[in-house]
Amino acid sequence: MTAQARSLSSSKVVNIEDLRRMAQRRVPKSVFDYLDGGAESELTLNENCRAYRDVTFRPRGAVSVSECKLSTTVVGHDLSLPFMLAPVGYSRLMHPEGEVAAASVAGEFGTGYILSTISGHRLEDVKAATKGPAWYQLYLLGGRGAAEAALERARNAGFSALVMTVDTPVAGMRERDPRNGMKELLGGSPFAKIPFLPDILAHPGWVILFLRDGGVPKLQNIVIPGKGPMELLDVGAALSESTVTWADLKWIREHWSGPIIVKGILIGDDARRAIDEGAAAVVVSNHGGRQLDSVSSTLRALPEVVAAANGQIEVLMDGGIRRGSDIVKAICLGARAVLIGRGYAYGLAAAGKPGVRRALEILKGDVERTLRLLGCSAITALDRSFVEVPQAWESRANH
Ligand SMILES: Cc1cc2nc3c(=O)[nH]c(=O)nc-3n(C[C@H](O)[C@H](O)[C@H](O)COP(=O)(O)O)c2cc1C
């Protein structure tokens with residue numbers, strides 16, 4: 001057994017929090033905080049995780065579940081698990097294998113991977129790495145010309161659905177990043193980097209891999225006509241010039257014939273608008289608490305959106321999921337499936353591909369155990385009767 005396999009063994013890494021702590025040790029503080037942090041006071045970030053405590057289970061006793069079915073379908077894709085891997089920008093900073101490793105592990109587990117526009121690896125390489133479905137998450141960075149070129153590449157490479165993220169008209173204020181000198185480290189002068197170098201150099205394992213990988217990656221999927229791939233440092237400014245609007249959805253439809261999933265919905269009205277615009281699904285998401293702080297947790301927002309969708313489109317959700325029981329609760333409240341963000345990215349930062357694999361093993365094991373303890377034999381058989389929610393949540397569902 002290699003040292004890395006030993007450090008990921010089931011006695012040492014029991015839950016996602018263990019992977020989080022490993023990641024904190026392995027990568028520089030600037031990289032860890034970029035992954036771990038949220039916007040402003042991090043109210044929503046914390047509430048996303050806490051909200052699962054408000055929902056309690058109502059198990060059926062004395063039921064023997066001989067076979068437990070974790071598979072489901074999402075916008076026509078067969079998935080072996082009720083969770084997919086969410087788009088996580090800059091994954092290549094966490095580990096050189098980045099998006100390629102995450103996609104490959106998702107495929108091993110028979111589930112889907114969603115590639116962020118802000119990827120250090122070429123979308124073709126990411127798609128080639130997975131046996132599972134791959135979806136492309138589109139920001140309009142670099143304008144419509146760059147987006148049209150990316151969509152054509154994504155279609156040719158075999159991406160089967162498009163995710164439009166609508167909660168990022170500007171980047172949220174993630175206060176840990178400026179404190180850690182993220183901007184200076186990514187693109188500042190050597191002189192500007194000096195105050196932040198001791199922390200970087202205290203993580204030689206990460207530094208060696210980062211330098212061997214060629215340093216800060218360019219964004220290979222945002223090719224600005226006449227200029228080439230966008231620099232990582234330019235993303236913040238470009239985001240605020242590229243707000244995605246409902247009008248863009250009409251234009252996107254002309255360039256993408258497959259399913260379109262709108263990510264970043266928190267209220268019923270927006271779910272109804274997404275239906276009117278022809279979306280195949282919505283993702284109840286607040287970007288993992290990284291955008292507008294003080295919005296409600298996604299679990300709390302879910303019942304209102306499910307009620308508004310009224311069975312016309314599928315509702316996915318993400319945010320704060322650190323255990324399989326969180327996944328099961330979201331599905332009981334009407335989510336078709338969920339997306340995992342930090343849950344697998346901690347594994348990537350902790351140990352590359354084996355770390356992502358361990359994260360998925362943990363979550364899969366949790367989901368199966370939770371179903372058996374609930375006395376339920378299939379993900380698709382979960383419903384509201386398996387959970388108790390606070391009274392106030394019921395009225396929100398009727399908005
Ligand atoms: C480091 C990081 C980068 C992210 N980058 C993107 C992105 O490029 N596009 C996007 O739509 N969402 C992005 N997200 C949001 C995730 O897709 C997802 O909504 C969120 O992580 C879910 O919350 P969780 O991390 O608590 O699971 C990012 C999240 C993190 C943590």
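Please work out if A307 is part of a helix (DSSP H, G or I), more than 16 Å from the ligand (Cβ to nearest atom) and buried (at least 23 other Cβ atoms within 10 Å of the Cβ). Criteria not met by A307.
For every residue, the table says whether it meets (1) surrounded by 21 or more Cβ atoms within 10 Å (Cβ to Cβ); (2) modelled with pLDDT under 95; (3) away from the ligand (no atom under 12 Å from the Cβ); (4) outside any strand (DSSP E or B).
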residue: G258; (1), (2), (3), (4): no, no, yes, yes
residue: A274; (1), (2), (3), (4): yes, no, yes, yes
residue: S294; (1), (2), (3), (4): no, no, yes, yes
residue: L299; (1), (2), (3), (4): yes, no, no, yes
residue: L302; (1), (2), (3), (4): yes, no, yes, yes
residue: V328; (1), (2), (3), (4): yes, no, yes, yes
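None of K131, K127 is assigned to a loop (DSSP other than H, G, I, E, B), more than 16 Å from the ligand (Cβ to nearest atom) and among the basic types (K, R) except K131. Of the numbered conditions (1) buried (at least 23 other Cβ atoms within 10 Å of the Cβ); (2) at positive phi, P133 satisfies every one except a single condition; which is it? It fails just one condition, (2).
Among the residues making up segment 276-292, those that are small (G, A, S) and away from the ligand (no atom under 12 Å from the Cβ) are G278, A279, A280, A281. Taken together, the criteria exclude P28 from residues that are under 21 Å from R369 (Cα atoms) and touching a residue at least 40 places away in the same chain (Cβ under 8 Å). Counting the residues of segment 93-121 that are of a type in the set (D, E, K, R) and either more than 14 Å from the ligand (Cβ to nearest atom) or assigned to a loop (DSSP other than H, G, I, E, B) (or both) gives 2. Evaluating N221 against the criteria (1) surrounded by fewer than 17 Cβ atoms within 10 Å (Cβ to Cβ); (2) within 18 Å of V88 (Cβ to Cβ); (3) touching a Leu at 6+ places or on another chain (Cβ under 8 Å); (4) not hydroxyl-bearing (S, T, Y) leaves one unmet condition, (1). Each residue in segment 130-145 was checked for being farther than 21 Å from P169 by Cα and touching a strand residue (DSSP E or B) at 6+ places or on another chain (Cβ under 9 Å), and 5 of them qualify.
Scanning segment 41-60 for residues that are within 15 Å of the ligand (Cβ to nearest atom), surrounded by 14 or more Cβ atoms within 10 Å (Cβ to Cβ) and either assigned to a helix (DSSP H, G or I) or at negative phi (or both) gives L43, T44, L45, N46, E47, N48, C49, A51, Y52. When each of D293, D318 is tested for being of a type in the set (D, E, K, R) and in contact with a strand residue (DSSP E or B) (Cβ under 8 Å, 6 or more places away or on another chain), the lone residue that passes is D318.
Would you check if there is a residue in segment 142-161 being modelled with pLDDT under 95, assigned to a loop (DSSP other than H, G, I, E, B) and either buried (at least 16 other Cβ atoms within 10 Å of the Cβ) or within 23 Å of the chain's Cα centre (by Cα) (or both)? Yes, some residue in segment 142-161 is modelled with pLDDT under 95, assigned to a loop (DSSP other than H, G, I, E, B) and either buried (at least 16 other Cβ atoms within 10 Å of the Cβ) or within 23 Å of the chain's Cα centre (by Cα) (or both). Consider segment 1-40 and keep the residues that are in a helix (DSSP H, G or I), more than 16 Å from the ligand (Cβ to nearest atom) and of a type in the set (A, V, I, L, M, F, W, C). The one that is nearest to Q291 (Cα to Cα) is M22.
Taking segment 61-92 as the range and being surrounded by 15 or more Cβ atoms within 10 Å (Cβ to Cβ), touching a Ser or Thr at 6+ places or on another chain (Cβ under 9 Å) and outside any loop (DSSP other than H, G, I, E, B) as the test, the residues that pass are K69, T72, H77, L79, F83, M84, L85, S91, R92. Applying the criterion of being among the small types (G, A, S) and more than 16 Å from E99 (Cα to Cα) to the residues of segment 135-157, the residue that is farthest from the ligand (Cβ to nearest atom) is G145. Look at segment 302-316: where a residue is farther than 16 Å from V262 by Cβ and a partner is charged (D, E, K, R), sitting 6+ places away or on another chain with Cβ atoms under 8 Å, you get P303/E394; P303/R396.
The values are calculated or read from the model by the stated rules, or taken from the named source; none is laboratory data. This one's a predicted model, so the numbers in the text were calculated from it and none came from an experiment. Positions of Cβ are generated from backbone atoms using ideal geometry, with glycine treated the same way; all protein chains shown enter the neighbour counts.
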